[in-house]
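A.B. asks: Questions regarding the structure given below will be posed in turn.
The values are calculated or read from the model by the stated rules, or taken from the named source; none is laboratory data. Everything numeric in this text was worked out from a predicted model, so none of it was measured. Neighbour counts run over all protein chains shown; Cβ positions are idealised from the backbone, glycine included. With ligands, DNA and RNA removed, areas are computed over all heavy atoms of the protein, side chains included. Shrake-Rupley method; radii C 1.70, N 1.55, O 1.52, S 1.80 Å.
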Amino acid sequence: MRQYITSLLRNSRGATAIEYGLIAALIAVAAIAAMQGLGSSLNKTFNNASSNMKAG
């Protein structure tokens, strides 16, 4: 039993998987935030282009 507990304490695969999961979540949040900002900018640009094409 003692060896089993010792091996569990030495096992770092679970902690590494959690760390990678947290990093992936952080990247996803940053990507979503960037895409939302870029999306509104692109929407404004295409609306301006559409308005200028209709006027001309």
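Residues checked against (1) among the hydrophobic types (A, V, I, L, M, F, W, C); (2) modelled with pLDDT of 90 or more; (3) surrounded by fewer than 10 Cβ atoms within 10 Å (Cβ to Cβ); (4) at positive phi:
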| residue | (1), (2), (3), (4) |
| --- | --- |
| 6 | no, no, no, no |
| 27 | yes, yes, no, no |
| 30 | yes, yes, no, no |
| 36 | no, no, no, no |
| 43 | no, no, no, no |
| 47 | no, yes, no, no |
| 56 | no, no, yes, no |
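A.B. asks: Another question about this same structure. Answer yes or no as to whether residue 17 is in a helix (DSSP H, G or I), open to solvent by less than 70 Å² (accessible area, probe 1.4 Å) and at pLDDT 90 or above.
C.D. replies: Here the answer is no, as residue 17 does not meet what is asked.
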